[in-house]
Structures are given as C-alpha cells and as structure tokens.
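Enquirer: One structure coming up, written as structure tokens, with questions to follow.
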Amino acid sequence: AAYAKAVEIQPEHAAAWYNRGNLLFNQGKLQQSVDCWTIAITIQPDLFRAWNNRAAAYDRLDRDAEAVADYEKTLQLNPVFVRAWDNLAWLLATSNHKNVRDPDRAIKLATKACELSEFKDWNCLNTLATCCAENQDFTAAVKWAKQARAIAPEPDRQELDQLVIAYEAHLKAKSVAGKQNEDRGIIRQ
C-alpha cells in the first residue's frame, strides 16, 4: 500500500516503481511487477536492477526471449553484476525454448559469474554445475556441485547432495555403456 501511495504522489519516482515491482514480484504478481519495472526503466533507463528483475519475471512468465534481452541489457549497464551473469547462464542452460537454450554459452556466462564472485558464491557454483550437466560434462558438474555444497548454507546442502548423486549416476551410466561398447568391439569417436 505504501508503494502504491508513493507512485500516486510521485509518479516520476523510479525507485518507488522499482520497489513496488519488487513487492508485487514477491507476492507472485508477475505481470504487475513487469509493468512497474517497465515504468521504472522508462523513467530511469540505467536502473540495471530493474532490468534484471524484469528479466526474472519474464523468465517465470515463460517469456524467455524477453528475459534474455533484459539480462543482456543489465550486463551492458553493469558488467560486474554477478546476479545477472548467473541468472542468464541458468536461463540459457535450462530454457524449454530451443531458440533460447544455449548450454555452451551458458557455461561461459556461469564461469564469468563464478570468476566475478571469486568462486565463493554457492549459487553461482551450482549454476555452473547445472550448465556443465546440461552440456553433458558430468565430471565438471560433479566438481562444481561439490564445491557449491561445501559452502552452501545448511538448508540447501541436501538438494546439492541430490544433484551430486544424479550427476555421478550419469557418469556411472556413461562408464558402463562405454565398457559394454568396448566389450562388443564398438569404437565411438
């Protein structure tokens, strides 16, 4: 109610629209949050967090191409904003839209997020693990998931443990299939 009143009193106040968008997003009112951030961006085009947050809302609304464009704009405005590197990497690795999905680029972006955070942000490490897994590099996925787990808060460790188990199962399956092919004299290049 306070942000609604603030934008009513000062409709040209970008921060009020930005904060109202955050509140609506947290209430699950995604399209309304998009509308607020769009107004904030119109008033203050360099408000990179509004671009990032609108991208996150677009992602949840399954509007992935728009999310990618907004994450890229965020990075143009603030090339050291770790969260945008991480968010864009996650989206490119996990999108259900073939025209958006790009696991190779996702790995590069996730690596950049990890570098910017000095490999100390467990969310970024988890994203890198996911990107590697989506690119069928389960050895790297296990490595990064274990590093993420080592520094994650206790409540998040169980989920990371499950990811490590899943990635290791893929490695084991690949190893068994490779052994079976060797036993049959099949060479795969």
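The values are calculated or read from the model by the stated rules, or taken from the named source; none is laboratory data. Owing to the predicted nature of the structure, the values given are computational and were not obtained by experimental measurement. Note: ideal-geometry Cβ built from the backbone for every residue, glycine included; neighbour counts use all protein chains shown.
So that you can scan it fast, the table gives a plain yes or no per residue for (1) at pLDDT 95 or above; (2) assigned by TED's automatic domain parsing to the domain that holds residue 19; (3) of a type in the set (D, E, K, R):
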{"residue": "48", "(1), (2), (3)": "yes, yes, no"}
{"residue": "51", "(1), (2), (3)": "yes, yes, no"}
{"residue": "63", "(1), (2), (3)": "yes, yes, yes"}
{"residue": "67", "(1), (2), (3)": "yes, yes, no"}
{"residue": "73", "(1), (2), (3)": "yes, yes, yes"}
{"residue": "85", "(1), (2), (3)": "yes, no, no"}
{"residue": "94", "(1), (2), (3)": "yes, no, no"}
{"residue": "108", "(1), (2), (3)": "yes, no, yes"}
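Enquirer: Between residues in region 39-53 that are surrounded by fewer than 21 Cβ atoms within 10 Å (Cβ to Cβ) and residues that are in a loop (DSSP other than H, G, I, E, B) and among the charged types (D, E, K, R), which pairs lie under 8 Å by C-beta distance while being six or more apart or on different chains?
Expert: 43/12
Enquirer: Can you tell me which condition residue 33 does not meet? The list is (1) in contact (Cβ under 8 Å) with a residue 24 or more places away in the chain; (2) within 24 Å of residue 121 (Cβ to Cβ); (3) outside the structural domain of residue 125 (by TED's automatic domain parsing); (4) over 13 Å from the mean Cα position of the chain (by Cα), and all the others hold.
Expert: (2)
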